[in-house]
Amino acid sequence: MLGTATATAQDYRNCARTWHLDHPPQRILALNQHAADLLLALGAGERLVGVAYIDDDLDVASGRYRGVPLLSRQYPSAEAVYAQRPDLVVAGFASAFRLGNLSREELAGHGVASYLLDAGCVARQDDLFAGVEQDLKTLGDLLGEQGRAQALIHQQRAELAEARRLFAHNKPLDVFYLDSASNGLESQGRRGVVTQLLHAAGAHNLFEDVDLGSFTANAEQLLARDPDVILLADALWSTAEQKMKTLRADPVLSRLRAVREGRFAALPFTHLFPGVHSGQAARELAQELAGY
């Protein structure tokens with residue numbers, strides 16, 4: 001189904017700028033997995049002609065992701081993008097628009113509209129969940145799927161309410177987020193989106209006092225703070241299981257209480273970034289943490 005979009009051009013706001021779409025999009029590219037997931041949830045369906053950069057889904061051996069052709073395992077070349085004749089390109093990370101002649105301005109010059117999920121914008125919502133609602137509203141309008149957008153917004157609010165119910169009577173736990181252990185202990189400080197996700201699940205970011213987004217912790221810091229739980233990102237390039245093995249094999253990190261007692265939580269990498277799964281991620285994380 002192609003939705004209820006009317007054959008009219010429209011302007012839309014994204015990243016504190018006004019952009020233009022000549023006609024309801026019929027050939028859409030998603031350049032990150034969580035962008036693809038949001039579009040699919042909005043009913044983009046057959047209008048999605050390609051996806052790229054799949055982070056945490058192993059079932060792409062057929063060359064398709066959830067039925068959509070996989071254009072590239074990472075970012076595709078500009079030539080590959082233009083060969084698809086897209087009328088709308090949607091990305092979850094700003095890095096998608098920094099390659100070659102795939103800047104948003106360059107795309108617009110070729111008559112191709114673009115959209116960057118709110119969390120990837122320099123000028124973005126302070127509340128990541130409000131940012132997801134904005135993405136759903138704007139893309140729902142562009143796709144002519146306003147009803148689906150409202151239903152997904154209500155679903156996110158219900159999941160956040162359920163997360164609050166789950167932790168209402170629990171003491172907030174201190175959680176260390178481990179993105180990757182292949183090149184140091186890559187984590188996030190206060191400005192990272194994981195901080196808000198942990199708050200929504202009734203927990204604290206162990207390094208909330210670090211006024212940064214991404215940063216690399218060291219073993220001594222981690223041992224001194226000794227987190228209650230370690231949250232692991234589960235990605236194709238760094239699985240949760242691999243990270244657990246690394247922590248258990250390390251002579252210092254293996255002394256952490258969370259490692260000794262197996263106090264781990266894991267979420268798919270793409271669920272740790274704002275998107276259509278954010279409410280679900282908060283609810284599932286609150287449920288996992290309630291067991292500790």
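Just so it is clear, none of the values below were taken in a lab; they were calculated from the coordinates. Quick caveat, the model's predicted, so the values are computed rather than measured. Positions of Cβ are generated from backbone atoms using ideal geometry, with glycine treated the same way; all protein chains shown enter the neighbour counts.
By DSSP, what percent of the beta bridges with both residues in the chain are antiparallel, rounded to the nearest 5? For the chain, the DSSP antiparallel bridge percentage is about 35. Compared with the dominant Cα axis of the chain, that is its longest principal axis, helix 278-290 is turned about 10°.
In vacuo Debye scattering of region 135-210, one point per C-alpha: log10 I(q)/I(0) at q = 0.22, 0.27 Å⁻¹? The computed values of log10 I(q)/I(0) come out as -0.92, -1.09.
Going by neighbour counts of Cβ atoms within 10 Å, the residues ASP57, ASP11 line up, fewest first, as ASP11, ASP57.
Here region 170-290 is treated as a Stokes sphere of Kirkwood radius computed over C-alpha pairs; at 10 °C and 1.306 mPa s its diffusion coefficient rounds to 113 µm²/s. In the chain, taking the dipole from charged Cβ atoms about the Cα centre, the farthest positive-side position among ALA36, SER103, ALA203 is held by ALA203. For GLN26, list long-range residues whose amide hydrogen, built 1.01 Å from N in the peptide plane, is under 5 Å from its own amide hydrogen. Here ASP87 satisfy the definition.
Within the listed set GLY92, GLY67, GLY45, the Gaussian network model of the chain (springs between alpha-carbon atoms below 10 Å) gives the highest mean-square fluctuation for GLY67.
Would region 10-144 count as rounded, prolate or oblate if I go by the C-alpha gyration tensor, calling it rounded below 1.5 in a/c and otherwise prolate when a/b exceeds b/c, oblate otherwise? Because its axes are fairly even, with a/c under 1.5, region 10-144 counts as rounded. The HN-Hα couplings worked out from phi for region 107-122 by the Karplus form 6.51 cos²θ - 1.76 cosθ + 1.60 (θ = phi - 60°) are 4, 4, x, 9, x, 10, 6, 9, 8, 10, 3, 3, 5, x, 7, 5 Hz, whole numbers, x standing for Gly and Pro.
Other residues lying with their Cβ under 13 Å from the Cβ of ASP174 contribute a combined charge of 0, Lys and Arg counting +1, Asp and Glu -1. Which residue, THR138, THR270, THR216, has the most motion in a Gaussian network model of the chain that connects Cα atoms within less than 10 Å? Of THR138, THR270, THR216, the Gaussian network model singles out THR216 as fluctuating most. Among ARG283, ARG191, ARG13, ARG124, the ranking by other beta carbons within 10 Å of each residue's beta carbon, starting with the fewest, stands as ARG13, ARG191, ARG124, ARG283.
Modelled spin labels at SER72 and GLU241, positioned 7 Å past Cα toward Cβ, are 3.0 nm from each other. With the simple model of a label 7 Å out from the Cα in the direction of the Cβ, HIS20 to ASP226 spans 6.3 nm. Residue by residue, region 227-238 carries 3J(HN,Hα) couplings of x, 5, 9, 10, 9, 10, 7, 9, 10, 4, 8, 6 Hz when phi is fed to the Karplus relation 6.51 cos²θ - 1.76 cosθ + 1.60 (θ = phi - 60°); x denotes Gly or Pro. The HN-Hα couplings worked out from phi for region 140-156 by the Karplus form 6.51 cos²θ - 1.76 cosθ + 1.60 (θ = phi - 60°) are x, 5, 5, 8, x, 10, 4, x, 4, 4, 5, 5, 5, 5, 5, 5, 4 Hz, whole numbers, x standing for Gly and Pro.
Modelled spin-label separation between GLU162 and GLN125, with each label point placed 7 Å from Cα along the Cα-to-Cβ direction: 2.0 nm.
Take the alpha-carbon centre of region 204-231, take the same for region 268-292, and report the distance between them in whole Å. After rounding, the separation between the Cα centres reads 19 Å.
Rounded to the nearest 20 debye, the dipole magnitude of the chain is 220 debye, with +1 charges on Lys and Arg beta carbons, -1 on Asp and Glu beta carbons, and the Cα centre as origin.
Where both partners of a DSSP beta bridge lie in region 10-144, what percent of those bridges are antiparallel, to the nearest 5? Bridges in region 10-144 are about 35 percent antiparallel. Comparing LEU236, LEU178, LEU206 in a Gaussian network model of the chain (Cα springs below 10 Å), the most mobile by mean-square fluctuation is LEU236. Under 19 Å from a label point set 7 Å out along the Cα-to-Cβ vector of ASP209, the amide N atoms of region 180-202 belong to 187-192, 195-196, 199. Here's the list of lysines a cross-link from LYS171 could span, going by alpha-carbon distance under 30 Å and ignoring same-chain residues fewer than 8 apart: LYS243, LYS245.
For PHE215, the amide hydrogen comes within under 5 Å of the amide hydrogens of SER187, GLN188, GLY189, counting only partners 5 or more places away or on other chains and with H modelled in the peptide plane.
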